[in-house]
Amino acid sequence: MTDSTAVPMLEVEDVVHRYGTVTALSHVSLSALKGEFLTILGSSGSGKTTMLRVISGLERPTSVRRLRIGGVDVAHLPAAKRNCTTVFQSYALFPHMNVIENVAYGLRIRKMNSTDALREAHRALGMVQLDSKADRRISQLSGGERQRVALARAVVTQPSILLLDEPLGALDERLREDMQIELVELQRTLGMTFIYITHSQEEALTMSDRVVLMSHGRIVQSGGPLDLFDRPNSRFAAGFMGYENILQARLIGREGDLGLVEFPGGLRLQGLITAPALDTGTPVHLAIRAERISALAPDAPEGIAARITSRVYRGKYTDISLDTPAGPLRMRSWHGAQDESREIRRIGWSTNDAVIFAVD
Amino acid sequence: MQTSASAPADDRLLPRIGQWLSTTNLVVPAILVAWFAIVIVPIIILFVYSFFSTAQFRTVYEPSLDTWIGLFESGRWEVTLRTLRIAVTVTLIELVGAFPFALWLAKGGVSKGGRAVCLALLTIPFFLDMSSRTIVWRAILGQSGLVNTVLMGTGLTDAPVEWLLYSEVAVHFGMVVSLFPPMVLPIYMAINLIDDSLIEASKDLGASPWQTLRRVILPLSLPGVMAGVVFCLGPALAAWVEPGMLGGGFVNLISNSIESAYSALRYPVVAALSAFVILLLLVLLAAMYLIARRFGDPASSFRVLRG
């Protein structure tokens, strides 16, 4: 994030959008600073793509209280007049133009003379390392190359905001990882605000300054990648961010952020409370990641008793299912670590790794 | 190539045929040979026939240029020019009307039902014989026809409007009506193939609706436009029903000359005139291709079809 005194580049307040009877966006507000890499994370149907289309102007929302880009009210402007461009999921490159004509399109539209437009387009292509293929037909490019052309075409007009709709979705894993790094570097170089849509928590965590998690047309949680990864504040967020163990319990005491929960069998455990307003006595979830659980000596004073029910070897790691007084748990042991094969009688974790939030 | 029709009753034979067709390279040559025999050979024979002549209602099978020379000496220039003028005018009217209609139908946010109804309506003219469809207009446009009755009944005119029937206007009108579907359908197909995201990308990059039309939709719909022009121009050049029925003998086109030559048993003249129409069509299509290049590279437009 850049300095907090900067004016928000994007301000969206209270947007509602319905397709017929289906509510795609329900009172969503969002803002992004200049130069910020903001990721909207969610599964399909969460409303994230609709959100992007509302910002770009390709979709007119049912209602919106405020929609500003760079301080300019754009709520009633068509897509063509908004200072933002989109990298489409399908790339949407013009098949009747070659690479350089595609990239120069936005400039030619703005009546830039062809020499300047070509120079700028070549510069943008150079930025994505594709200058050597300027005269190729779109059909002659690979998926990764098309992706770069789409990127160059979108940034060549130097918009305030670049909107990216799952741009890496169609690429294979290796290429995706390379492109993640390249995208972040490009964003730093241009100092442009990126609004990035993805369903992959890995992409969201590695690239973003800030992540907004959406579900069913609402924002579930937003914050830095670490906040979302380590401090989910709802069952949905914890599940989406990959918490394998989400247990049912009751909150019996709290001290600041630290909470004490009791399981049906009487077992008591501590954890961090991530949802602010949580009264003692209410049913809660306690969630812990499988890889944060470790085996303890059988006579250790802390931790809880456990019994192995199954082991599943998964290549890089082994998943171990355990039966405990808190309920069934899964722990993960990296390949080669000693927990992978030895008997386990007792397990434990750092209190900071267990999070407590309300049952929804 | 794969025969995609897989009848459930016979799930062995068809795939086998399909496999056989795809492994042997016979299909394309077979189609070419058949097309050559059915379409190209008759045209060649027609062309050859035009170099014979007629004497006493018999064809003289001796090569000569008499028929062609006679064709240009007998003052058929006027007829040719009229035919060309009417055919081109009709094609242009169709284009001006059909493109916006096709654009609206394909991308104008028409509901599925509305689109189905429009497409069904466009095919209705094919159900009916062209003469029957055309002759109805006589009753509507004639001196004591529907239009004139209404015009005089409402007091808009004192005497019947004469140019409504048996005039060039009537011939144009008849052709425009009957050739509208062949122009609309290919353009509609071509525009329908354009991915919506391309149009959105154009808007998103700052293009006005007009710029999007000019730089994205029009170039990508060129294959359909060209097909529509071919389907319209060809029949318009050879039109026979409309000038006969709505022209009432006052609007002579090449087809009328062909007909009169035919009834006089002057087959070489028929052949020469028909060959001449084909040549005219080729010249016009070449001209159209050159014009189309101004709006976009027609060759690259076909890339959309190839995917």
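Numbers below:
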quantity	calculated
Residues located in segment A:18-45, provided they are β-branched (Val, Ile, Thr) and within 22 Å of A:Ile69 (Cβ to Cβ)	A:Val28, A:Thr39, A:Ile40
Output for segment B:200-231, where each listed residue is open to solvent by 30 Å² or more (accessible area, probe 1.4 Å) and β-branched (Val, Ile, Thr)	B:Val230
Selection count where residues are among the hydrophobic types (A, V, I, L, M, F, W, C) and more than 21 Å from A:Ile161 (Cα to Cα), scope segment A:175-227	3
In segment A:81-93, the residues that are open to solvent by less than 10 Å² (accessible area, probe 1.4 Å) and within 17 Å of A:Leu130 (Cα to Cα)	A:Val87
Filtered residue count, segment A:229-253, keeping only those that are over 14 Å from A:Ala275 (Cβ atoms) and under 12 Å from the mean Cα position of the chain (by Cα)	3
Condition met for A:His76 (away from chain B (no Cβ under 11 Å), outside any helix (DSSP H, G or I) and free of Cβ contacts under 8 Å to residues at least 12 places away in the same chain)	yes
Residue within segment B:137-158 that is at negative phi, under 24 Å from the mean Cα position of the chain (by Cα) and open to solvent by 50 Å² or more (accessible area, probe 1.4 Å) present	yes
Complete set of residues in segment B:184-230 that are small (Gly, Ala, Ser) and at the interface with chain A (Cβ under 9 Å from one of its Cβ atoms)	B:Ser197, B:Ala201, B:Ser202, B:Gly206, B:Ala207, B:Ser208
Qualifying positions in segment B:159-195 - touching an Asp or Glu at 6+ places or on another chain (Cβ under 8 Å) and open to solvent by 40 Å² or more (accessible area, probe 1.4 Å)	B:Phe180
Tally of residues being buried (at least 23 other Cβ atoms within 10 Å of the Cβ) and not in a helix (DSSP H, G or I) across segment B:252-287	1
Sole residue being open to solvent by 20 Å² or more (accessible area, probe 1.4 Å), within 22 Å of the chain's Cα centre (by Cα), more than 10 Å from chain B (Cβ to nearest Cβ) and β-branched (Val, Ile, Thr), chosen from A:Thr62, A:Thr49, A:Thr21	A:Thr49
Subset of segment A:28-46 [open to solvent by 10 Å² or more (accessible area, probe 1.4 Å) and farther than 15 Å from A:Thr198 by Cβ]	A:Ser29, A:Leu30, A:Ser31, A:Leu33, A:Lys34, A:Gly35
Filter result for the condition that a residue is assigned to a loop (DSSP other than H, G, I, E, B) and within 19 Å of B:Ile86 (Cα to Cα), over B:Gly249, B:Gly244	B:Gly249
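A quick yes/no check of all residues on (1) facing chain B (nearest Cβ under 9 Å); (2) more than 33 Å from the chain's Cα centre (by Cα); (3) modelled with pLDDT of 95 or more:
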position	(1), (2), (3)
A:Arg82	yes, no, no
A:Gln89	yes, no, no
A:Ala92	yes, no, no
A:Pro95	yes, no, no
A:Ile109	yes, yes, no
A:Asn113	no, yes, no
A:Asp116	no, yes, no
A:Leu125	no, no, no
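The values are calculated or read from the model by the stated rules, or taken from the named source; none is laboratory data. Fair warning: this is a prediction, and the values are worked out from it, not measured in the lab. Neighbour counts run over all protein chains shown; Cβ positions are idealised from the backbone, glycine included. With ligands, DNA and RNA removed, areas are computed over all heavy atoms of the protein, side chains included. Shrake-Rupley method; radii C 1.70, N 1.55, O 1.52, S 1.80 Å.
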